[in-house]
Amino acid sequence: MASSQHVLLSPAELAYLHASLSLTPPIRPDGRSPTQFRPLVAETGILPGTNGSARICFADGTEAIVGVKAEVERTAQRPGEETVFLEEGGGGDGDGDDDDDEEGETGAQGDRRKGEASWVEMTVEIPGLRDDDSGTAFLSAMLSEALLADGEFVKRLWINRRFHWKLYLDIILISPPLSYPLPLLSLTTHLALLSTRLPRLKSEGDEDPFFDDDWAAAPYLFPRSSSSSATAATNTTATKQPATATRPPITLLVMAFGNNIIFDPSKEELAVADVALAVSVTSSNSSSNSSGDGENDEAASAGGRSLRLLSIRTIDPPSRLTPPGVPNAANAAYGAAAALGTQKMLEARTAETEAVEGVWRAPRGGAKRMVLGALVQKTLERGGVVDEVLDALEGVDLG
Amino acid sequence: MASLKRSVDSDPFAANISSKVYVRSTKSGKVQKLVREVYLRQDIPCSSRLCGSCRESAPRDAAGRQTPFILSEAPAGTSVFPQGHYLVPDTNAFLTAMDLFEQSSAFYDVIVLQVVLEELRNRSLPLYNRLISLTKSEEKRFYVFFNEFRLETHIARQEGESVNDRNDRAVRKAVAWYGQHLTRTGAKKVPAVVMLSNDRDNLREAKKEGIPACSLAEYVKQLKDADTLLDMIPETEDQDTIKEKRPGEPLYPEYFTMSKMMTGVKSGLLHQGTFNVSPYNYLEGSIRVPAFPKPLLILGRENINRAIDGDLVVVEVLPKDQWKEPSTQVIEEEAITKNENPDAEETADIVSEKERKALQEEVRRTHSKTTEGHAQPTAKVVGVVKRNWRQYVGHIDQSSVSQSAQQGRKQDTVFVIPMDRKIPKIRLRTRQVAELVGKRILITIDAWDRSSRHPIGHFVRSLGELETKAAETEALLLEYDVQYRPFPKTVLDCLPKEGHDWKVPESTDDPGWRDREDLRHLLICSIDPVGCQDIDDALHSRALPNGNFEVGVHIADVSHFVKPNNAMDTEASIRGTTVYMVDKRIDMLPMLLGTDLCSLKPYVERYAFSVLWELSPDADIVNVRFTKSVIKSREAFSYEQAQLRVDDESQQDDLTKSIRTLMALSKKLKQKRLDAGALSLSSPEVKVQMESETSDPIDVKTKVLLDTMSLVEEFMLLANVSVARKIYEAFPQTAILRRHGAPPKTNFDELANQLRVKRGFELSVESSRALADSLDRCVDPAEPFFNTLVRIMATRCMMAAEYFCSGTQAYPEFRHYGLASEIYTHFTSPIRRYADLVAHRQLAAAIGYEAIHPAVRSRGRLEAVCKNINVRHRNAQLAGRASIAYYVGQALRGKATDEDGFVLKIFSNGFVVLVPRFGIEALIRLRDLADPEPAAEYDAETYTLRTSGSREVTVELFQKVRVRVTDQKDETTGKRGVKMELLSVY
């Protein structure tokens, strides 16, 4: 869907809204603080047949479900890649617990695990829109870009040199698109991936994969940190820090009004935004894991996770297409020179006139670099919105 | 906002619905998460006859009947549970001691929990099938309780709980529920519900929860014949204690993981096949894999790596410098490992000193040879895909019994030597050595650890004294897996109610007559061996006005009595064939059908399935038709009677004339067949003559071939071919046919070489015709038997004929090599072969007599049937031959006869002699020639063995020798067998 949905507001209303959002501090129509999200209801595991699923429902009535299905797929062999079938010794007796040594493995065989973008297939469905609608395609591109941008995610799908998991993400908005659904879909996808589990691998090396038939033994795609997983007892570094494991990315919608930065816009707010950005962020502990323990502790005290920017997209704010207001000076109804012909009046509307206080004028031109920088910085702020959102999502019971 | 998940509070039926989640890996490599909803019920009965409440609530079928309750109201008690008890075994109990449950002295009133049954099916299909047949037997009172579906006994898996723990908990829960449930019945004597388990944790938990529970050993000790039963608790039970005592170093290399093997096999680095042990050398095995034209050799204990004959194994080819020639030496396990002590497991080395010596000989021989080209690829076993262990018949090795064991009742370890030479010695722990010595016993293998030289097994039951007829016959039946138990009641229920009084209905309006042709007026007769009771086939012929002949082959209409998919049909499809032993016949169908209602007895009307040809005087088929019919056989001849009648010029009645016509036609048919390249093969066949009263064998006769035999054979072949064409035309995908693959050329390499070297004959194997011709040329004018000898040896190079479903092969592959026929099936003996019965059903459908039954049309089903009957057919042949061999031995007992024999095979330390008079062959070792063992020189190029020293003889392949045949009890296999002594060389 297009971000530019028609909003039934008059130029005067638009101007009022814009003005109140530009105040310091801004006043939002629903009374939220700039960084406050709309309340939401979230749950996971709603589709028993999937590897992972989630549903999130925003207070405005938009609701999305995401299902994740995984399939074993043969990796196309590149010439020159030697496949080892019968490795003697089987590499370092990695028979610890298979649930949580994921990170350790990454370190040990970091160069071996490779991933490809084609291992993830994402479909987005918005009711009432064709699946090849440009808006839908853009949404899907943004969501998968966030997943694939740094190439870290697909590495998790690596089974061995010959096989990998192919992940099918089905993202469905089940309510009418009442507001731009990007944040909703992103959060739901995040939650679904958090709850995704893949059958436990029993085979070793480059053998044909062979899996444990016990679902309860299936490890999470994003291994749980110790707070929620009882089996992580052996991994001491994990037990020390409650929530530093790598999480799936989230994509947030951020707007700027003058110098104000506002998160999670409602439909009306988006309609008057100067700049709207989709910022994809991930939290990872890869750096903290490789560095010493002392630094880890610092990181933990300072908010727990290190955030990384994955991608930024500017969203064309719908405000650009809104009709401008007409200053009283030019308004015939207020006695502005009736002598001016209709022709003139039209010119007056479209002409680049000086901004008149209280008269709506659609924003023009791109975002200023300063503003962009501020937006990104605000997003990545430690202990800021992203942390808050991630903490909140972590609180969702995965079942 | 309401959750989309099914929540417990909102759903009034939530308590009744549960779900099961698991991962399934499909063959194609897909991995799926599966969620099954489980709907819990409260009307699954406990099936105890004591219980009134279950009787009220138990579901009824459409006719309002309830399944009868199984568990007895007054079950047997034990010393600990005098009030009576029901048993609830866990999976391990069944896995380790299924034989115990099959005992008739104890183990009644057993509750088999669904969770146990399912786990058992996943772990071992054969055990599962045995348990299922136990639950079907009425006298044992085994009841399958669907605990997972009953609300009260269903449990959900807890967080962090392993599947096994959960299942154990489910068992305990069910036991507890049964206990409470039975108390509520208010019966005077409430039976205890006892859990049987060998799992210590499970037993401990049960104790904690106050559930009556016993280990197998504890339980068995409470029974009366504890000692016998204790032996049947397998080795593995006390394994923990053994391990602690002796942390034996692994002797054998570890197996690869399953996935590693499968990957290797798929990528072509490893090979999968069935492991076969050489009958002459227990340290040499071979495995035929698709990737190589010749079988791979597996030499030595370490390379064989615990594989047992028949196992499906994965092997890795060894580097070329380790390739060897197949052994030319006879190595017998008994001779080499004679002095091993079953108790002391010498952990030092798997390859014992003596074995190593035997192998050294080999190596020296290979090295001394310059002909490197002869070396064959060798391989080593890296894993076992599927064990093909069955129950083995054997006897205790007397020498392994310690003196103290003869008296005491303490558990003792002995070796059991299986009757089948290809099976290694099995270590057995038993308390009843004294009773078992000198008996045929049935044992099973439990395990073969890496740290154990020999496999470990446990005792199942005793068949009786060695060399008693009953024990030996049963031993043979068990060895060849012949189903010899009497037909169960469900099968007998399928027989016609009239029994022996059944007759062809008089009125032709009867539904039995529908679409049947009345052929009662024809002069039909049957020709069979003497004393044949199950007469499958009858014949007739008559001249037609146009100068042609009408010939009819009438086959017993078994399919009229055996309807697809009923209990009788299922039983017959499992048995597959009737097995003929010397003194016994194991029927495929109940007696009533086989020898009476189906059998085409003379003077009575019988239903038949007729094939009617019009043949030209040159025996060309003018046309053929098939019809169901009613016939009345005029006479049942034996081959000899028929032959006499034909030969007797004075007999000029119509019946005799028609037999003469048939005879004339059959000779033309045979000539045509031979012209097409049909092989006439040979196997040494003999017949044991028995004293009619005591059925003791008194003499052995070689079979005489009569023209009448070939008469019947020719027309049966003709009928089979005609039927095969018809059913293939009607059902190109699912016709049941029989093929005989052309043998790979390499099979004949050795024989051809032997013939060339020894006699200068060329064996050409391009086609069956060429082979037949070259076999015809192999004639030694001085020795008439030589040709037969060559044919016997050629027969052994052939492939086995097999049944198959037409959709599985391309048309050119249908060919029957031996008969030189493009297409062939079996149609003419439905009383004794299941394949014929299927062919009957297909032919009936092909001629529009009846609608085709889905079971006869489903390709998967037919393939399974073919697979089974191929195995059964082979086993039946082997069992029959073994039976003859046994009786030949019995007939020779106490006599010594001097006979002529021929050298069939030569080794560097012995040779095999065939005595055609008795159809037996035996190995004469060098050490049997003279004492001390003469030195010998073996020339593999010319197949000559020259001995020197204590006795000087030269033995060549194909040579005629004079041997003294005596009987001798083979101290190792316990078989009475023939022993030959070389008297002289011609």
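Couple of notes before you dig in:
- Fraction of alpha-carbon pairs over 23 Å apart in the stretch B:774-926 - percent: 57 percent
- Among residues other than B:T734 with Cβ under 10 Å from its Cβ, the summed charge is +2 (Lys and Arg +1, Asp and Glu -1).
- For the stretch B:880-894, the Karplus equation 6.51 cos²θ - 1.76 cosθ + 1.60, evaluated at θ = phi - 60°, returns couplings of x, 5, 4, 5, 4, 4, 4, 6, 4, x, 5, 5, 7, 3, x Hz by residue, with Gly and Pro reported as x.
- Taking a straight line from the alpha carbon of B:K221, these lysines sit under 26 Å away, with near neighbours fewer than eight places off in the same chain left out: B:K140, B:K173, B:K189, B:K207, B:K208, B:K243, B:K245, B:K410, B:K439.
- Applying 0.36 nm per residue to the separation of B:A855 and B:E209 and subtracting their alpha-carbon distance, the gain on full extension is 227.5 nm.
- Taking amide hydrogens as placed 1.01 Å from N in the peptide plane, the amide H of B:K905 sits under 5 Å from those of B:V912, each at least 5 positions away in sequence or on another chain.
- Burial ordering of B:R841, A:R130, fewest other beta-carbon atoms within 10 Å first: A:R130, B:R841
- Theoretical FRET efficiency, 1/(1+(r/R0)^6), r = Cβ-Cβ of B:R769 and B:K703, R0 22 Å, to 0.05: 0.25
- Site pair A:D397 and B:Q809 shows an inter-label distance of 6.4 nm when each label is modelled 7 Å from Cα along Cα→Cβ.
- Euclidean distance between Cα centres, the stretch B:799-878 to the stretch A:385-399, Å: 66 Å
- Above-threshold pairs, the threshold being 22 Å between Cα atoms, out of A:K202/B:K27; B:K260/B:K425; B:K584/B:K703; A:K69/B:K386; B:K324/B:K758; B:K503/B:K563: B:K260/B:K425; A:K69/B:K386; B:K324/B:K758
- Between B:D648 and B:S53, the contour length at 0.36 nm per residue exceeds the Cα-Cα span by 206.2 nm.
- Distance between the pseudo-spin-label points of B:V779 and B:L878 (7 Å out from Cα toward the beta carbon): 3.7 nm.
- Assuming charge only on the beta carbon of Lys and Arg (+1) and of Asp and Glu (-1), the dipole of chain B about its Cα centre is about 2320 debye to the nearest 20.
- FRET efficiency for B:L312 and B:R123, using Cβ-Cβ distance with R0 set to 22 Å, rounded to 0.05: 0.80
- Separation in nanometres of the label points that stand 7 Å from Cα toward Cβ, at B:T954 and A:S10: 13.0 nm
- Pairs of alpha carbons in the stretch B:72-233 whose separation is greater than 27 Å (percent): 17 percent
- The stretch A:114-189 and the stretch A:304-334: distance between their alpha carbon centers, rounded to Å: 27 Å
- Rg and Dmax, both from the Cα atoms of the stretch B:442-546 and both in Å, are 25.5, 81.
- The stretch B:144-159-the stretch B:720-752 distance, computed between alpha-carbon centres (Å): 52 Å
- Computed from backbone phi, the HN-Hα couplings of the stretch B:538-550 come to 9, 10, 8, 8, 7, 7, 9, x, 7, x, 7, 10, 9 Hz, rounded to whole numbers (Karplus: 6.51 cos²θ - 1.76 cosθ + 1.60, θ = phi - 60°; Gly and Pro given as x).
- About the Cα centre, charge dipole magnitude for the stretch B:72-233 (Lys/Arg +1, Asp/Glu -1 at Cβ), debye: 400 debye
- Largest-first principal axis extents of the Cα set of the stretch B:892-985 (Å): 36, 27, 21
- ³J(HN,Hα) computed for each position of the stretch B:566-576 - Karplus, 6.51 cos²θ - 1.76 cosθ + 1.60, integer Hz, glycine/proline x: 8, 4, 5, 4, 4, 4, 5, 5, 6, 5, x
- Cβ-based charge dipole, the stretch B:72-233, positive-most Cα from B:L230, B:T185, B:F142: B:T185
- Two-site FRET efficiency, B:T135 against B:E750, from Cβ-Cβ distance with R₀ of 35 Å, rounded to 0.05: 0.10
- A cut-off of 5 Å between modelled amide H atoms, ignoring neighbours fewer than 5 places along the same chain, links B:V622 with B:E614, B:L615, B:S616.
- Cross-link partners of B:K657 among lysines (Cα-Cα below 16 Å; sequence separation of 8 or more within a chain): B:K667
- Summing Lys and Arg as +1 and Asp and Glu as -1 over all other residues whose Cβ lies under 13 Å from the Cβ of B:E148 gives a net charge of +4.
FYI, it's all coordinate maths here, none of it is from the lab. As the structure is a computational prediction, the values presented were derived from the model and not from experiment. Backbone-built Cβ (ideal geometry, glycine too); neighbour counts: all protein chains shown.
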